[in-house]
Each structure stands twice: as C-alpha cells, then as structure tokens.
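This report concerns only the one structure given below.
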Amino acid sequence: MNDSPSAFPSAFPSVPTSAGTLRTALGGLLDGLPPKQATAAVERLIASYRGQTPTDVPVLRDRSDVAAYAAYRMPATFEAVRSALDGLAEAAPGWAPASHVDVGGGTGAATWAVDATWAGPRGTTVLDWAEPALALGQELAAASGSPALRAAEWRKAVIGTGISLPDADLVTVSYVLGELTPEARRAVVAEAARAGGAVVLVEPGTPEGYLRIREARDQLIEAGLKVAAPCPHDGSCPIEPGQDWCHFSARVSRSSLHRKVKGGSLAYEDEKFSYVAATRFPVEPAASRITRRPQIRKGLVLLELCGPQDTGLTRATVTKRHGGLYRAARDADWGQEWPPPTPEGHGDRPTAPTEH
C-alpha cells in the first residue's frame, strides 16, 4: 500500500467516461431484455438494495438478474459513487489513484465512476462473488472505449469474513455493506482500511444505510485513516441516531431502457446516498458541508451545514448584503462544501455567516 499521493495529476476537465457512455454501453448489451423477467428480478433486487435481506451469498444469481440490475441500478450507482469520489478529489487536489480495487463491484459502476473522476493510467481489479456480474461488467468495460476500463481485471472472490485484498491507492465499496452480515461487514471494512491508501464507502441514503456508514467511519478512524469527505472533521458525528441521518442526492438521467425496467416516466430521478471517504495521506476537508437542499427565499438563502467538530450542525443565512457569497449560495447545491473555495486556492475561503 502506498501511503503518499500518486504522481498522476488530477484531471477534472477531461475524463474518458461519462454517464452517457455508460448508458450507450448498457443499451447495446441489454437490448431485448424480456420485460416480465426483468421486472421480477428488479422487485427482488429492490429488497436487497434497501438492506432488508443481509446475507452471506451473492444477491445477483444469474444473467437475467445481472441484466436487470445493470439496467435498474448501474446509472444511479455510477452517479452516487462519482459524487462521493468528487468529495475525495476536492479534499485531495492533485492526487489521482494509480491503482484501484472495487470490492463487490458487480458490473463495475464504481469502476466507471473512478474512470470518470481521474484520467491517466490505472490498474483496476474488480472483485465480486457473482460470476455473471463479472462477465457482464467485463463486456460493458470492453464497450466503453476507455483503456483503463478495458484493462481492468475481473476476479471472483468471496466478499465477507476472510477477505484478502491487494494493496491499492484506492479501495471502493459501494452498495455492498447492506448485503452482508454484521461480522462480514466489519471484516470487509477492516481489510479495506488495511489495503487502501484511500477508502470510499457508499450506501443507500436511508437511515439504515447512514448507520452502516457511520459505523464504518468509526472503524476507519480507529484504523488510523483520516476523514476526507463529507465530514469536516474526524470527531464524533453530531447527528443523533433516530432523529436524522446524513445523506446526499445525485441527479440521474434515465434512458428509455432505464424507464422501462423501472416503470417510470420521468427523464430523471434523484439517487439518495450516504458515504464516507478516508485516507492515509494528508487531505484538506471542507470547512463545512451543505447537508440539505438550500432553501432560496426572496433576498436570502438558508443553508443547513455540518461544520468543524466544535460547532457541529449549524444554519447559515446568506443575504444580498454578503455580495459574492450570496450569489454563490444561490448556486450552491446539497452536498457541496461551504463556503466555496476561492480561485486562489482550495484553502482560501471567504468568511461565511453561521448561526447555531
């Protein structure tokens, strides 16, 4: 494992993959998917996605399951993981992973998200216990046009107790912890913390998903990692369990196939997710994080914030008299850091009004 940032530069403006290329690859491979078969598989997969069936066996059983999963979940998983990776990239400007392990990666949505966040050569290993998922994931990667995705290694592995991961600059575990028993969950997080220079965990944005992320966050900190995002600190989460939960939202464009499988008519949906990113190298966490969708009123913007450990949860009222900060608040989005960094540097932020 490499405890220092990779030499490869970050490349936000130019990335080799996107949500559009993923939808194109999905459409080409899943054309002709039987709607009734897909619907039945999707209904069972929804229960697993919501964390209602923790298990020690693969959730994706055969090709039809995998095809339904890819159409139903891949676009949303891609956007959620990409949003979480953006949080890490903002906290570690100039860093990019030269190696990546995706635990329980299935058809590879997180691997696509990594490729959409950082350019440059990269060795990627996708581990999953469902061979049909790995096979379809490899097909999708081959259709991507991305050298990094096409060179990825797709390997069958048991995800649970006894798991052994190769050392990597980045380890991702997305929408997996809820499928595991508590013992297996702790084992996977412990091994990710051991193997990864940076670890990103993503779960559904439900109260249960948040609690799994909160527990894993504590485990990563105990293992010596520092929180990069979304939290501004490594202290205890200020949210009282049962009263609220930390989660964010990513906008997902739906293809016609996606709408058919999910039974929806809108051209988009909002994917709610919880996440934590932690590293073994120095990072610059956000000063504060916007934890709810900003409320825009006449002449003012109301922001719900999670701030430094000594302030915790706060509210900010930004008015026209704050000038440029008011304009930034009107453009701000749920999940972004606040105040926004100035063009001069990540660490130089304007002073923002807050109120407890």
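Proximity of backbone amide H atoms, modeled 1.01 Å from N, is registered between LEU313 and GLY307 at under 5 Å, excluding neighbours fewer than 5 places apart on the same chain. Scoring 194-207, 106-119 by mean Cβ neighbours within 10 Å over their residues and listing the highest first yields 106-119, 194-207. Annotation: extensible slack from GLU153 through GLU284 equals 44.0 nm (criterion: 0.36 nm per residue apart, minus Cα-Cα distance).
Using alpha-carbon positions, what is the distance between the centroids of segment 304-327 and segment 177-243, in Å? Cα centroid to Cα centroid, the span is 26 Å. The modelled label-to-label distance between THR181 and GLU222, using points 7 Å beyond Cα along the C-beta direction, is 1.9 nm. Each label point was placed 7 Å from the Cα along the Cα-to-Cβ direction; for THR161 and SER253 their separation is 4.6 nm.
The residues of segment 103-239 have, on average, 31 Å² of accessible surface per residue, using a 1.4 Å probe with all protein chains present.
Shape class for segment 143-245, computed from the alpha carbon gyration tensor (a ≥ b ≥ c): prolate, with a/c not under 1.5 and a/b above b/c. Once you have a ≥ b ≥ c as the square roots of the Cα gyration tensor eigenvalues for segment 67-133, tell me rounded if a/c is under 1.5, and otherwise prolate or oblate according to whether a/b is larger than b/c. Oblate.
Phi-derived couplings, Karplus 6.51 cos²θ - 1.76 cosθ + 1.60 at θ = phi - 60°, listed residue by residue for segment 243-250: 9, 6, 8, 8, 7, 9, 9, 10 Hz, with x used for Gly and Pro.
Amide H contacts of ALA119: ALA11, each under 5 Å away and 5 or more positions distant or on a separate chain (H built 1.01 Å from N in the peptide plane; Pro and chain starts excluded).
Between LEU300 and LYS272, what's the calculated FRET efficiency when r is the beta-carbon distance and R0 is 30 Å? Round to 0.05. Rounded to the nearest 0.05, the efficiency is 0.70. Compared with the direct C-alpha span, the chain from GLU215 to THR311 gains 32.4 nm at full extension, assuming 0.36 nm per residue.
The values are calculated or read from the model by the stated rules, or taken from the named source; none is laboratory data. The structure displayed is predicted, hence computed values, not measured ones. Cβ coordinates were reconstructed from backbone atoms using ideal geometry, including for glycine residues, and neighbour counts include every protein chain displayed. Accessible surface is based on the protein model in full, side chains and every heavy atom, while ligands, DNA and RNA are left aside. Shrake-Rupley method; radii C 1.70, N 1.55, O 1.52, S 1.80 Å.
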